[in-house]
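As structure tokens, the structure follows; a few thoughts come after it.
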Amino acid sequence: MSQPAYQRILLKLSGEALMGEQAFGISPEVTNFLAGEIKAVVDIGVQVALVVGGGNIFRGEGLARAGMDRVTGDQMGMLATVINALALQDAIERVGMQARVQSAIRINEVCEDFIRRKAMRHLEKGRVLVFAAGTGNPFFTTDSAAALRAVEIEADLMLKATKVDGIYNADPKKDPHAKRYDEVTYDEALGKRLGVMDQTAMVLCRDHGMKLCVYDMSAPGALLKIVSGDASIGTRVNR
């Protein structure tokens, strides 16, 4: 088998993606599917890290608009990401891989603290690493956490898993004439407000030369094709 195009990747998953067809919570079918997709990539020698959101359980920003203290709401959202991370760890281990959860806030009874050097060692040993609790700080999204962790672990590629097959100039579910981009620069995405990620995350990726691919997570085999060098899958964002 040919060598993969990327040796180390970071995959950003939204909490909502874990719901599947449910209105709330975690779908075992989705976590099992994701575990299988990740295993196919690990089996060809790619090191994989994940960052997961918590919107399927709790969104602090929404409750802040309703009157809750924003810092408290964001802290609750961080805890929701830990729940999702543990669910992914379980699914990954059930398909025969080793996985570790590292949290940006201390919950030592259920997972490790985030320590960069230890994270790098886990990846070098072939373990799948799931980063939880965002950056550990309020007011920062899990997109920003994913960009930060991707830079910290020196990933070759960051992927954002979505429900559409790339970046469009309009919502393809609402506009049948929406145009999909094969490739776009960070400055173009920021200037056109394409909604790829929040601006903090995009600027961090741009300034550190982090390559990004936005793709449809529900397409079987898409992740393997991307890491194998298939440029026809998803939309690439480069500096």
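Computed quantities for the displayed model
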quantity: Residue list for the range 91-111, filter: exposed (fewer than 14 other Cβ atoms within 10 Å of the Cβ) and within 19 Å of residue 25 (Cβ to Cβ); calculated: 94, 110
quantity: Residue within the range 176-190 that is over 24 Å from residue 207 (Cβ atoms), among the aliphatic types (A, V, I, L, M) and either over 15 Å from the mean Cα position of the chain (by Cα) or surrounded by 14 or more Cβ atoms within 10 Å (Cβ to Cβ) (or both) present; calculated: yes
quantity: Single residue of 134, 126, 45 found to be modelled with pLDDT of 95 or more and in contact with a Phe, Trp or Tyr (Cβ under 8 Å, 6 or more places away or on another chain); calculated: 134
quantity: Residue ID - farthest from residue 9 (Cα to Cα), chosen from residues in the range 63-108 that are modelled with pLDDT under 95 and acidic (Asp, Glu); calculated: 69
quantity: Near pairs, Cβ below 7 angstrom, 6+ apart or cross-chain, from the range 106-122 (without any contact (Cβ under 8 Å) to a residue 12 or more places away in the chain) to any residue that is of a type in the set (Asp, Glu); calculated: 106/113
quantity: Odd one out for residue 160, checked against (1) in contact with a helix residue (DSSP H, G or I) (Cβ under 8 Å, 6 or more places away or on another chain); (2) basic (Lys, Arg); (3) surrounded by fewer than 22 Cβ atoms within 10 Å (Cβ to Cβ); calculated: (3)
quantity: Matching option when the condition is within 30 Å of residue 228 (Cβ to Cβ) and among the acidic types (Asp, Glu), among 113, 90, 74, 69; calculated: 90
quantity: Whichever residue in the range 19-32 is assigned to a helix (DSSP H, G or I) and either aliphatic (A, V, I, L, M) or within 25 Å of residue 210 (Cα to Cα) (or both) and, among such residues, is modelled with the lowest pLDDT; calculated: 19
quantity: Considering residues of the range 191-221 that are surrounded by fewer than 16 Cβ atoms within 10 Å (Cβ to Cβ), within 28 Å of residue 152 (Cβ to Cβ) and of a type in the set (Gly, Ala, Ser) only, the residue modelled with the lowest pLDDT; calculated: 195
quantity: Residue satisfying condition, being in contact with a Pro (Cβ under 6 Å, 6 or more places away or on another chain) and crowded, with 16+ Cβ neighbours inside 10 Å, within set 42, 46, 51, 30; calculated: 46
quantity: Output for the range 62-73, where each listed residue is closer than 14 Å to residue 134 by Cβ and surrounded by 15 or more Cβ atoms within 10 Å (Cβ to Cβ); calculated: 73
quantity: Evaluation of residue 35 against (1) under 21 Å from residue 159 (Cα atoms); (2) at pLDDT below 95; (3) not aromatic (Phe, Trp, Tyr) (one fails), failing number; calculated: (2)
quantity: Qualifying helices (runs of 4 or more DSSP H) (wholly inside the range 114-218; at least 3 residues being closer than 17 Å to residue 8 by Cβ); calculated: 116-124, 142-152
quantity: Test: residue in the range 166-175 that is in contact (Cβ under 8 Å) with a residue 60 or more places away in the chain and surrounded by 14 or more Cβ atoms within 10 Å (Cβ to Cβ); calculated: yes
quantity: Residue match in the range 2-18 (condition: at pLDDT below 90, of a type outside the set (A, V, I, L, M, F, W, C) and within 21 Å of residue 154 (Cα to Cα)); calculated: yes
quantity: Residue within the range 46-62 that is in a helix (DSSP H, G or I) and either touching a Lys or Arg at 6+ places or on another chain (Cβ under 6 Å) or of a type in the set (Lys, Arg) (or both) present; calculated: no
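The values are calculated or read from the model by the stated rules, or taken from the named source; none is laboratory data. Everything quoted here is computed from the prediction, not taken from an experiment. Methodologically, a virtual Cβ is constructed for each residue, glycine included, from the backbone with ideal geometry; neighbour enumeration extends over all protein chains shown.
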